[in-house]
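**Student:** First, the structure itself, so that you have it in front of you.
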Amino acid sequence: MFFYVSWKETNEIYFICPMLCGRIFSIKTTKSRKAKQRIIGLPRCAKRAWSPVETQLGEFFDCRMTEKIKLSGLESFLMRIADYLRKNMEESEYKEYIFGLLFLKRMSDVFEEKREVLKKDYQHLPEDALNSILEDKTTYGDTFFVPKRARWNEGWYDEENETEVPALRDLKTDIGPMLNKALTAIEDANSEVLQGIFKDRINFNKMSVDGTPVVKNSDLRKMIEEFNNFPPLLNKNFEFPDLLGAAYEFVLKYFADSAGKKGGEFYTPNTVVRMLVKLLQVDEGMSIYDPTVGSGGMLIQSYQYIEDEGKNPKNLALYGQDNKDGVVAICKMNMIFHDIFGSHIKYGDTLVNPQHTKNGKIMKFDRVIANPPFSQKYSTEEMKYKDRFIYGFTPEDAKQADLMFVQHMLASCDENKGGRVVVVMPHGVLFRGRKEKEIRTAMLQRDVDVLEGVISLPPQLFYGTGIPACVMVFSKRKSDDMKGKVFFINADREYKEGKKQNSLRPEDIEKISYVYLNKMEVPNYSRLVDLSEIEQNGYTLNIRKYVDNTPAPEHHDVHAHLVGGVPAVEIEEINNNLSSKIHFDAFSLFSSGNDSYRQFAVSNRDEIKRAVEESIEVNAVVSQLHDNLSTWWETASEEFSTIAGHRDALLPKVRNSLMQSMRQALEPIGMLDQHQVAGIFVNWWDGVKYDLKTIMQRKWDIDLIYPEYSELVTTMFFADEQQAIDKKQEDVANREANLEDIVEQILESVDYEPEEPAEGEEAKEIKHTPKLAYEQLAVALKGCEENSDDAKELKAYSAQLKDCEEALKAAKSELDQLQKTLDLHLELKCLGVESKKQYAEGLLNQANNEIGEITHLAISFLEQSGLQFCIPAKDVSIESILVSLDEIKKSVPSNKNKRTAEQNALLTKVAQAKDVLKEPKKKFTKLQKEVVKIQQVLSGYDATMQSIGGQISEEETRTLILQKHYNIIADQLNRYTEQEKREVIAACEHLFDKYATSAQQIAADRNKVMNELNDILKKLKYVD
């Protein structure tokens, strides 16, 4: 028995599948023209366990899991779908297949949810009128209308061909063509939004060169089954509202990573987009335009930025254009999956034929943002609206369209709300000559003055290009303090290095945006430059001209290299620039010397690291940081808690307040500067953004702790149990070591030697196992006399080995039981006992129902056979029936000669009845035993819950979630303090490598070795 089944008034069945970790499913019945006794969409284990009683329902079933869908689960699910496709095509090709299926399922689920609401609203209408309303597109308002052939869970009747057409979930044959028709149908029904997304672009029936389908029908069926076994893609099932959008972004990044250079055609790294949006300074009510929109990430993050600010993003006007129809389709789907509707995404070449026009002119927007393709060619042959390019045209055949994109963006930018342009450009536009210099010069004239800032980015941030990139910020209405000036940031040395691609860290984004928006001048990082200086430099914007962050040439002291010692000035430089921050005195690594040169007090390089890490002063300052962090969290956690259950919580206000208070707590200690402290905060805040959304939606949900952070629950409630497990693990380890020792002793005592490999074969490693020891003991015993001392010794070894094995087996069994008990206690503590009780009660009800059914069948059989007996209704059971049959038999004379014909016939019926009831009696007895066992389990649940102190409370869950967050912040603090220590260690080790051995020392060592060699040669009389 695996399921508990019970009917509800809503025609739903609820059951629990223990093979799926006790997850609760509901089954909703639907009607079909071809009613069959079948179960659709259940997990395989469920199908196997479904008993004949349930299959008699004769309905179609729709499996629905009531758990919230987590982002990690949805990401894993989509990767499983990808597994069916990766064997057939390149990863860069099959993204559209996944997106198409995902879109179909999502739209069908949302449509079905809306349809159920409409059925209830119009249930008072006659059936024909109701059906007419339900098939009217206008009834569904903003919800996409899904035609019959595109519905996932509902089959339909094709009147034209007079055939039944199964629902998408039930397709078995011709799946590719049917999915194509479904996508076409849903696009045609919603053409005002979906035009061009699917039709003639996504082809599930694509053929290979040999005429066979690229994706087999069987693989498409498996993909559909995956969707069938996954919960409906509805917002109410998501752990936070934008879960589907977040998963879509995950898949986009996955495919961009796989596509290499092509990935850059539709995806800009999320961290870069986040920085650009911060620089864009979006506000509600604005219009935002991306002329090279790609997958729409910049528009979506602008929308989310307003949302995170606690403002209304729905009154943003979002516009975009791209010259690849496939990318436009991806962008539109991305918008829909993020529940962003009303955006205006067009297809076409932005430079040649801009699509967003009004009254014969290009439209103006409050904010313009883009990452155009670098170094592209363009053509003026069919170009429209050439008056956009007021600063000039670059050569058409020279792959220099970069500043043409900039000019288009400036022409599309409105001044009314301080029109602002943020664009990614290759470094070449900053300093190249000829036409590009002319355009640059025109933009930098004081009467034009549109360039506000230039930011140099780290290398290799973008897909498929190693070209150095920068961000250019333009403003149509500069503030008074920025007029006639350009702000430069050189951020190309601060990033996270990756194997194939580098990335901006949260602290890098925070530093760039904070420094830029506040126009802070930071040595070797940022500087505000007057236009007159740029003019003197020939209108070059080469960032190193204005902010040079090139490290100074390394100093080499000739005297130290030749004679020895370490220059005190270089030690002092480490103290001033690095070690003083962590309260470490670099001079403590040196002993003797004069004011100018010191000698190392350590004899080898490794002692430097040990000296820093064991420094009392260093550890004291690190402890002080953690003490201050703990004190800060006592107050900060209360402020953080205010977001719980408040969907309209002003996260930016809480965020800014917490960051400010953290800075006040940690900066004064001096080890970390404001940007590093901001990095600690941002790494935490951005890393738990989905936690934040869940807390806002569902308050202190145990799903944020269990099972991923169940060690926190163990620490709070089950420390003794964990201690017992740790002790038993140690016991198991000791017994395993003992077993290994006895095996080695046995093999040594029998002089075991592995066989030599045959000629030409490599020797194989033979593991010394108990099995090998037993085998060698058996061989050795054959060569001994029965009661000899050698035989007794070998038998003693065998007994000892057996005892060790049995002791280890028992210890492992005890450990396994301890772990299972803890796992059960954790589950009950976090999830409660109700689901398990419901499952057990369901089994109990089902067992009792089956007992009743067996009894009913027995009564029916006896009635049909004409046997008569009287048993009170409350006492009727198969046992009482069998007793009655025995009584009937006793009432008939035992002597055959004294029986009448009627009595013989009666005995025959009794014998037949008892024979028929033999197997039901066995099942009846078995079910009775099951009932007893289940009742014992049920009675044990309450006792177990009482022993563990009941289910975790909301306040306890809150404590654990806050502890989890504090641990994350503390880990970030450790990361930064360790980095500071590593930098000091590296600098001191570099001094050691550079100066520890002087030329004089090398010469002295050489002379010593030569003298020793000469002495040896003299002793051997090779030299005089």
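**Student:** Which one of Leu430, Leu451 is at pLDDT 90 or above, in contact with a Cys (Cβ under 9 Å, 6 or more places away or on another chain) and over 24 Å from Gly348 (Cβ atoms)?
**Tutor:** Within the list Leu430, Leu451, the selection yields Leu430.
**Student:** Given (1) part of a loop (DSSP other than H, G, I, E, B); (2) of a type in the set (Phe, Trp, Tyr); (3) on the phi < 0 side of the Ramachandran plot, identify the lone condition not met by Trp632.
**Tutor:** Answer for Trp632: the failing condition is (1).
**Student:** Pull up region 399-426, narrow it to residues that are out of contact with any Gly (no Cβ under 9 Å at 6 or more places or on another chain) and open to solvent by 30 Å² or more (accessible area, probe 1.4 Å), then point me to the one that is modelled with the lowest pLDDT.
**Tutor:** Asn416
**Student:** Touching a strand residue (DSSP E or B) at 6+ places or on another chain (Cβ under 7 Å), surrounded by 15 or more Cβ atoms within 10 Å (Cβ to Cβ) and under 25 Å from His344 (Cα atoms): which single residue out of Met383, Met363 fits that description?
**Tutor:** Answer to the selection: Met363.
**Student:** State all residues of region 516-532 that are on the phi < 0 side of the Ramachandran plot, open to solvent by less than 70 Å² (accessible area, probe 1.4 Å) and touching a Phe, Trp or Tyr at 6+ places or on another chain (Cβ under 7 Å); if no residue qualifies, say none.
**Tutor:** Across region 516-532, the qualifying residues are Tyr516, Ser526, Leu528, Val529.
**Student:** Here is a further query. Considering only helices (runs of 4 or more DSSP H) fully contained in region 93-209, which possess at least 2 residues that are under 27 Å from Glu249 (Cα atoms)?
**Tutor:** Here the list reads 95-121, 175-189, 191-194.
**Student:** Here are some residues: Thr694, Thr642. Which one is among the β-branched types (Val, Ile, Thr) and touching a residue at least 40 places away in the same chain (Cβ under 8 Å)?
**Tutor:** Of the residues listed, the single one that is among the β-branched types (Val, Ile, Thr) and touching a residue at least 40 places away in the same chain (Cβ under 8 Å) is Thr694.
**Student:** If I ask for residues that are open to solvent by 30 Å² or more (accessible area, probe 1.4 Å) and on the phi > 0 side of the Ramachandran plot, which ones from region 427-470 would you list?
**Tutor:** Result: Arg434, Gln460, Gly464.
**Student:** Would you please name the residue that is surrounded by the fewest Cβ atoms within 10 Å (Cβ to Cβ), looking only at residues in region 875-890 that are within 60 Å of the chain's Cα centre (by Cα) and among the aliphatic types (A, V, I, L, M)?
**Tutor:** The extreme case among them is Val876.
**Student:** Let me ask another. From the list Gly645, Gly679, which residue is open to solvent by less than 60 Å² (accessible area, probe 1.4 Å), modelled with pLDDT under 95 and part of a helix (DSSP H, G or I)?
**Tutor:** Going through Gly645, Gly679 in turn, just one is open to solvent by less than 60 Å² (accessible area, probe 1.4 Å), modelled with pLDDT under 95 and part of a helix (DSSP H, G or I): Gly679.
**Student:** Can you list residue pairs whose Cβ atoms sit under 6 Å apart, with the first residue in region 455-483 being under 18 Å from Lys496 (Cα atoms) and touching a residue at least 40 places away in the same chain (Cβ under 8 Å) and the second being part of a strand (DSSP E or B) and of a type in the set (Ser, Thr, Tyr)? Count only pairs 6 or more apart in sequence or on different chains.
**Tutor:** Cys470/Ser456
**Student:** Among the candidates Ala636, Ala665, single out the residue that is of a type in the set (Gly, Ala, Ser), modelled with pLDDT of 95 or more and either open to solvent by 20 Å² or more (accessible area, probe 1.4 Å) or within 26 Å of Arg505 (Cα to Cα) (or both).
**Tutor:** Ala665
**Student:** In the list Gln846, Gln864, Gln819, Gln800, which residue meets the criterion of being under 30 Å from Ile702 (Cβ atoms), open to solvent by 40 Å² or more (accessible area, probe 1.4 Å) and part of a helix (DSSP H, G or I)?
**Tutor:** Gln819
**Student:** In this structure, is Val618 of a type in the set (A, V, I, L, M), under 24 Å from Glu983 (Cα atoms) and open to solvent by 60 Å² or more (accessible area, probe 1.4 Å)?
**Tutor:** no
**Student:** Among the residues of region 988-1015 satisfying the criterion of being part of a loop (DSSP other than H, G, I, E, B) and closer than 11 Å to Phe600 by Cα, which is modelled with the lowest pLDDT?
**Tutor:** Only one residue tops the list, namely Thr997.
**Student:** Looking at Lys809 and the list (1) without any contact (Cβ under 8 Å) to a residue 60 or more places away in the chain; (2) outside any loop (DSSP other than H, G, I, E, B); (3) in contact with a helix residue (DSSP H, G or I) (Cβ under 6 Å, 6 or more places away or on another chain), which single condition is not satisfied?
**Tutor:** (3)
**Student:** Of everything in region 545-566 that's of a type in the set (Val, Ile, Thr) and in contact (Cβ under 8 Å) with a residue 40 or more places away in the chain, which residue is surrounded by the fewest Cβ atoms within 10 Å (Cβ to Cβ)?
**Tutor:** Val563
**Student:** Going by the conditions given, is Val473 of a type in the set (Val, Ile, Thr) and either closer than 20 Å to Asn542 by Cα or open to solvent by 20 Å² or more (accessible area, probe 1.4 Å) (or both)?
**Tutor:** yes
**Student:** From the list Leu233, Leu244, exactly one residue is touching a strand residue (DSSP E or B) at 6+ places or on another chain (Cβ under 9 Å), farther than 18 Å from Lys87 by Cβ and assigned to a helix (DSSP H, G or I). Which is it?
**Tutor:** The conditions single out Leu244.
Quick grid of which residues meet (1) crowded, with 16+ Cβ neighbours inside 10 Å; (2) closer than 30 Å to Leu625 by Cβ; (3) of a type in the set (S, T, N, Q):
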| site | (1), (2), (3) |
| --- | --- |
| Lys914 | no, no, no |
| Lys923 | no, no, no |
| Thr957 | yes, yes, yes |
| Ile969 | yes, yes, no |
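**Student:** For region 704-720, which positions are open to solvent by 50 Å² or more (accessible area, probe 1.4 Å), assigned to a helix (DSSP H, G or I) and touching a helix residue (DSSP H, G or I) at 6+ places or on another chain (Cβ under 8 Å)?
**Tutor:** Thr715, Met716, Phe717
The values are calculated or read from the model by the stated rules, or taken from the named source; none is laboratory data. Small disclaimer: the values here were computed from a predicted structure and weren't measured. Heads up, the Cβs are rebuilt from the backbone with ideal geometry, glycines too, and the neighbour counts pull from every protein chain shown. Remember, those area values only see protein heavy atoms, side chains included, never the ligands or the DNA or RNA. Shrake-Rupley method; radii C 1.70, N 1.55, O 1.52, S 1.80 Å.
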